[in-house]
2 protein chains.
Amino acid sequence: MIKRNKCIANIKAGYLFPEIAKRRREFAAAHPEAKIISLGVGNTTEPILPHIDKGLTEGAKRLGTVEGYLGYTDEGFLELRERISKVFYQGKFAPDEVFISDGAKCDIGRLQLLFGAGTKVAVQDPSYPVYVDGSVLIGAANGWTGTGYEGIAYLPCTAENNYFPDLSKLPSDSIFYFCSPNNPTGAVANRVQLTELVKAAKEKGTVIIFDAAYAEYVRDPNLPKSIFEIEGARECAIEVNSFSKPAGFTGVRLGWTIVPKELKYAGGESVNADWARICGTIFNGASNIAQWGALAALDDEGVKEMKELCDFYLGSAKLIREAVQSLGIACVGGDNSPYIWARFPGRDSWEVFAEILEKCQVVTTPGSGFGPAGQSFIRFSAFGHRADIEEACRRLARLKG
Amino acid sequence: MIKRNKCIANIKAGYLFPEIAKRRREFAAAHPEAKIISLGVGNTTEPILPHIDKGLTEGAKRLGTVEGYLGYTDEGFLELRERISKVFYQGKFAPDEVFISDGAKCDIGRLQLLFGAGTKVAVQDPSYPVYVDGSVLIGAANGWTGTGYEGIAYLPCTAENNYFPDLSKLPSDSIFYFCSPNNPTGAVANRVQLTELVKAAKEKGTVIIFDAAYAEYVRDPNLPKSIFEIEGARECAIEVNSFSKPAGFTGVRLGWTIVPKELKYAGGESVNADWARICGTIFNGASNIAQWGALAALDDEGVKEMKELCDFYLGSAKLIREAVQSLGIACVGGDNSPYIWARFPGRDSWEVFAEILEKCQVVTTPGSGFGPAGQSFIRFSAFGHRADIEEACRRLARLKG
């Protein structure tokens, strides 16, 4: 009989979010009267705004017509790839450097195929679980050691280092997943820090996988929204991004990945050409309806709507941040990011999670689920209806004393 | 500097369909006056029928409303999973055995992660390129030997064995990709053959990955549309399927995979649980708009529309089949499948491809692109507008003499 892939056996327990959902269900079963509010997962809650939704609706309608019908669009609409380059990157990428995907997470899962099982992997600690779990799946990391996976370099991002890692610890010839605005900490790396990051990556022959899924939440004009704002990044970085958080496309599924042609392997081969090959082999393109929606999101009216939607969630983030701070709890994020990262010194994250669920009937995300350095932290997500956010903030006062 | 995944280096040349597109472009550039007709790729061309398209359009509209908005639906709509089980499998699968995907090809790319690089892989020869290329990508197969990849067992399906492989050649403890109705041959395995297949798989400890993407083209009531019509298949098979070909969803992106709970690895672990874990880790669910469309496709009116659409393409297949036969060229398929597999004894597939393109300005698919046993064959696809199919059939007469 056929054997299990030993890499799967290496992944411990459940994926973080299903585990939270399970605990929520158990609490709800035990307390059927409780009106639970979730500030847990990063799932968008507000309707898609009218102009962008019209793009989706008209796209769906178009598929019912002889003139408008369209089948496979493997590499994505040319016009969409051009517009992404123009709106987000001042036109500095050619269409064949912009790859349309069904979302950032899915592309992150596929990206590891570029480098294979032999790659060294480094992550910010804490970090979005997919970087690590995806690495374990592909065999680039091994068994769970109790605090992390063998073979993954965890670079702590804590209050002590202002949530930016010590780059002297970055391994050579590795891939480094870097997320800014960060999920879960909400911290945004500044231009000086990203310049250091690019410098370190080039010196060490490391490729940065830059996850910019929350870029549109940056409001401080001095903070970079893309790694490609930094000189030299084309030779050492791939950027993954998505319409999920700026346009509310979490359920629509549309993202993109930038693989510059300047990026080469040690042997001089083009990473861009391999990525095209991988996408052509095991991916069949994103939904064309979603692509028509994205085209609407990227014209003047759509860009305005994306800003409006992000502003709404940032308004909620501000409320949560203020509620947490008013309890004397130290936190970061929530200003240029929809996440607030709150510190409960000396305590276990799951224990704090349980306390907040018990006392406030509010679901959060335990920081330890994002890596060893997330221990004693809680992530609050600003994705929720405003009335729920306000009610949750009132209830958080119950944590006092 | 980081190294290239050696598995990618193992994949030869371009993926078949981009290569065909390239040759078509070159021909068009050299003959700007030519009105080229494509019977090459399996891309649907007809509008989505009204009831199903209404499902998509209303879904897109719903996302613009407070009540109807929906974000991530990782494991897919419960109602959709139930309805797939009911419509295609007489309700014999529980919802958690039905996994909603963004298409069969994408799931085939992910499925290899269940078994990993150490797995032996067997394919029908000829076969859909993704089975082989995906296996090479994951490291389950090695370098190109001139006729095939080292480590892949190619089981010839030729006129001599009536397009059903010699199962005594099936390796033990392997995964076996089996496609029926077959792409590219158009042959459909009958009940006796599939019963033998299940028997062989169980004896040899082999897992069948059954690709049923063309099942809705089966019109002969005696032919099975699913491997799960065969007793014992639950313990040895996974079935991959899609709305692309029956509902015209090639660009919409929606499919499903059945992983029965009875399917276990050698160590007794549940394959179903691992598949849920893989999907939860590196996939984020299919588009909810596409899922609303699929729900419409699976009510009475939608099922009728899917039949109507398949009937249309089958009508075109019949025309091509007759045109090919009238030239004295032997062929199979085209009756319960949208593909016609035509034999040109002693000739090179790409040479015949070039001759048909030159003389008829018709693009086909060279059989050798599907594996060594496809040499001397040409695949004709029935996906096209009727007027184009009729014109292509007239032009094929130029191949005479």
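Nothing in this text is a laboratory measurement; each read-out follows from the coordinates by a stated rule. If you're wondering where the values come from, they're calculated on a predicted model, not measured in any experiment. Virtual Cβ from ideal backbone geometry, glycine too; neighbours counted across all protein chains shown.
Remarks
- According to the calculation over all Cα-Cα pairs in the protein assembly as shown, the P(r) per 20 Å bin from zero is 16, 50, 29, 5, 0 %.
- Distribution of pairwise C-alpha distances over the range A:52-299, 5 Å bins, in %: 1, 6, 13, 18, 19, 17, 12, 7, 4, 2, 1, 0, 0
- Computed about its Cα centre, the charge dipole of the range A:52-299 is approximately 160 debye, with only Lys, Arg, Asp and Glu carrying charge at their Cβ.
- Taking the charge dipole of the protein assembly as shown about its Cα centre, with +1 at Lys and Arg Cβ atoms and -1 at Asp and Glu Cβ atoms, the residue from B:Leu396, B:Leu137, A:Pro260 reaching farthest to the positive side is B:Leu137.
- Sorted from closest to farthest, the other copies place their B:Glu262 label points 5.8 nm away, with each point set 7 Å from Cα along Cα→Cβ.
- Average other protein chain Cβ within 10 Å of Cβ, residues A:48-55: 3
- Across the range B:363-380, computed HN-Hα scalar couplings (Karplus, 6.51 cos²θ - 1.76 cosθ + 1.60, θ = phi - 60°) run 8, 10, 10, x, x, 5, x, 9, x, x, 6, x, 4, 6, 10, 10, 9, 9 Hz from first to last residue, x flagging Gly and Pro.
- Trypsin sites (Lys or Arg not before Pro), loop per DSSP, at most 15 other Cβ atoms within 10 Å - longest free stretch of chain B: B:93-218
- Working from Cα pairs under 8 Å separated by at least six residues, relative contact order for the range B:248-343 is 17 percent.
- Alpha-carbon Rg/Rh ratio, for the range B:190-309, with Rh computed the Kirkwood way: 1.00
- Taking every C-alpha pair closer than 8 Å and separated by at least 6 residues, the mean separation divided by the residue count of the range B:1-127 gives a relative contact order of 10 percent.
- Each helix, a run of at least 4 DSSP H residues, gives -39500 (n - 2.57); summed and divided by the residues of the protein assembly as shown, these come to -12000 deg cm²/dmol at 222 nm.
- Inter-copy separations for B:Gly315, label at 7 Å along Cα-Cβ, nm, ascending: 5.5
- Selected from A:Val271, A:Val98, A:Val188 as most flexible by GNM, with chain A as the system and alpha-carbon contacts under 10 Å: A:Val271
- Counting charges near A:Ala9 (Lys, Arg +1; Asp, Glu -1) among other residues having Cβ under 11 Å from its Cβ returns a value of +3.
- Relative contact order (%) - chain B, alpha-carbon pairs under 8 angstrom, separation at least six: 23
- 3J(HN,Hα) along the range A:27-32, derived from phi through the Karplus expression 6.51 cos²θ - 1.76 cosθ + 1.60 where θ = phi - 60°, amounts to 5, 5, 5, 7, 10, x Hz, with x in place of Gly and Pro.
- Over 25 Å between alpha carbons, listed pairs B:Lys199/B:Lys264; A:Lys6/B:Lys120; A:Lys169/A:Lys307; A:Lys199/A:Lys245; A:Lys6/A:Lys245: A:Lys169/A:Lys307; A:Lys199/A:Lys245; A:Lys6/A:Lys245
- Three-way shape call for the range B:1-151 based on the alpha-carbon gyration tensor, with the a/c threshold at 1.5: oblate
- Listed residues B:Thr250, B:Thr147, B:Thr119, most fluctuating in chain B (Gaussian network, C-alpha, under 10 Å): B:Thr147
- Our coupling estimate for the range A:254-260, obtained by passing each phi through the Karplus curve with A = 6.51, B = -1.76, C = 1.60 and θ = phi - 60°, is 7, x, 8, 9, 9, 10, x Hz, Gly and Pro reported as x.
- Between the range B:313-373 and the range A:302-347, the alpha-carbon center distance in angstrom: 61
- For the pair the range A:190-252 / the range B:83-153, the C-alpha centres are spaced 34 Å from each other.
- Stretchable slack from B:Lys169 to B:Glu390, in nm (0.36 nm times residue separation minus alpha-carbon distance): 75.4 nm
- 7 Å along Cα→Cβ, label-point gaps from A:Lys6 to other copies, nm, shortest first: 1.7
- Using the Cβ of A:Thr147 as centre and a radius below 15 Å, the other residues enclosed give a net charge of -2, where K and R count +1 and D and E count -1.
- Put a dot 7 Å past the Cα of A:Arg347, heading toward its Cβ, do the same for B:Asp96, and the two dots end up 3.2 nm apart.
- Cα gyration tensor shape of the range B:1-77, rounded if a/c is under 1.5, else prolate or oblate by comparing a/b with b/c: oblate
- With a simple spin-label model that places each label point 7 Å from the Cα along the Cα-to-Cβ direction, the separation between B:Val192 and A:Glu322 comes to 7.9 nm.
- Across peptide A:197-209, the average count of Cβ atoms from other chains found within 10 Å of a residue's Cβ is 1.
- Cα-Cα over 22 Å, subset of B:Lys225/B:Lys304; A:Lys61/B:Lys61; A:Lys12/A:Lys202; A:Lys54/A:Lys318: A:Lys12/A:Lys202; A:Lys54/A:Lys318
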